[in-house]
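The values are calculated or read from the model by the stated rules, or taken from the named source; none is laboratory data. Remember, predicted model here, so these are calculated numbers, not experimental data. All Cβ positions, even for glycine, are placed from backbone atoms using ideal geometry, and neighbour counts span all protein chains on display.
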Amino acid sequence: MSDLINAVLNSDEKSDLRQFTSVLRSFGKRYLLRNEILQLFDEFYEQYKRQNSSQLENLIRYVQEIIVEEGGLYFIIRPKIARQEAYRLLEDLTVEPITIQELLDIRDRFVNHYHPQEGDVFEIDFAPFYDYSPVLRDPKNIGKGVELLNRYLSNQIFQDSKKGQEPLFQFLQLHQYNGIQLLINGRIRSSEELSDRVKQALGMLSDRE
């Protein structure tokens, strides 16, 4: 994404970027979301008759938020799914990347909750909660949590069959109606015995084919 920013700054569209920052400042809001940014940019293009499919337009399509402050603007950009970058754009159009911590401080300052003199901000570390959970590495799996969890649990069962058999056996034992077992009866007393009975049943079925 920094390459696209530099491409704009090193082209004739640098003056367009300067004009658009003036539009953002005159809009009257200090915190702009994506729909407002796109609307302002479309109006800017229409007013100044700028060319379509420019590098500046491509850059703006990635911008999710803009925070307007004295001396500069802060752009939050999403170059791809599950990834976010933040930059500070100064009045002289110098661009500086900022860290997540700096971005959080800016947001706190925006809502008047930034008080570093009072000590460190209370933080919660959620990392330990993910120690034994599947990690979402491919953005294509976003929104497919159930499928991901099913694959993860299936792999766990195949990797350690004994570890997976016991919870399955307990689960099958739970299902009853009016005291009558629905899935397995009382003659099967362990997960090992259940596994043996299933193998016997499969063998009988294969003999009938």
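Only one of these is modelled with pLDDT under 85, basic (K, R) and either assigned by TED's automatic domain parsing to the domain that holds E85 or surrounded by 10 or more Cβ atoms within 10 Å (Cβ to Cβ) (or both): R137, R109. Name it.
Values: R137 fails: either assigned by TED's automatic domain parsing to the domain that holds E85 or surrounded by 10 or more Cβ atoms within 10 Å (Cβ to Cβ) (or both).
Residue meeting the stated conditions: R109.
Kindly indicate whether Q101 is among the polar types (S, T, N, Q), more than 17 Å from Q19 (Cα to Cα) and outside any helix (DSSP H, G or I).
no
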Point to revise | Selection within the stretch 18-62 - surrounded by 13 or more Cβ atoms within 10 Å (Cβ to Cβ), aromatic (F, W, Y) and farther than 18 Å from Y74 by Cα | key: F44, Y45
Point to revise | Hits in the stretch 1-17 - residues which are among the charged types (D, E, K, R), closer than 17 Å to G72 by Cα and surrounded by 14 or more Cβ atoms within 10 Å (Cβ to Cβ) | key: D16
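Can you tell me which residue in the stretch 140-156 is modelled with the highest pLDDT, limited to those that are surrounded by 12 or more Cβ atoms within 10 Å (Cβ to Cβ) and in contact with a Leu (Cβ under 8 Å, 6 or more places away or on another chain)?
The selected residue is L148.
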Point to revise | Criterion: in contact with a Lys or Arg (Cβ under 6 Å, 6 or more places away or on another chain) and touching a residue at least 40 places away in the same chain (Cβ under 8 Å) - qualifying residue of V95, V68 | key: V68
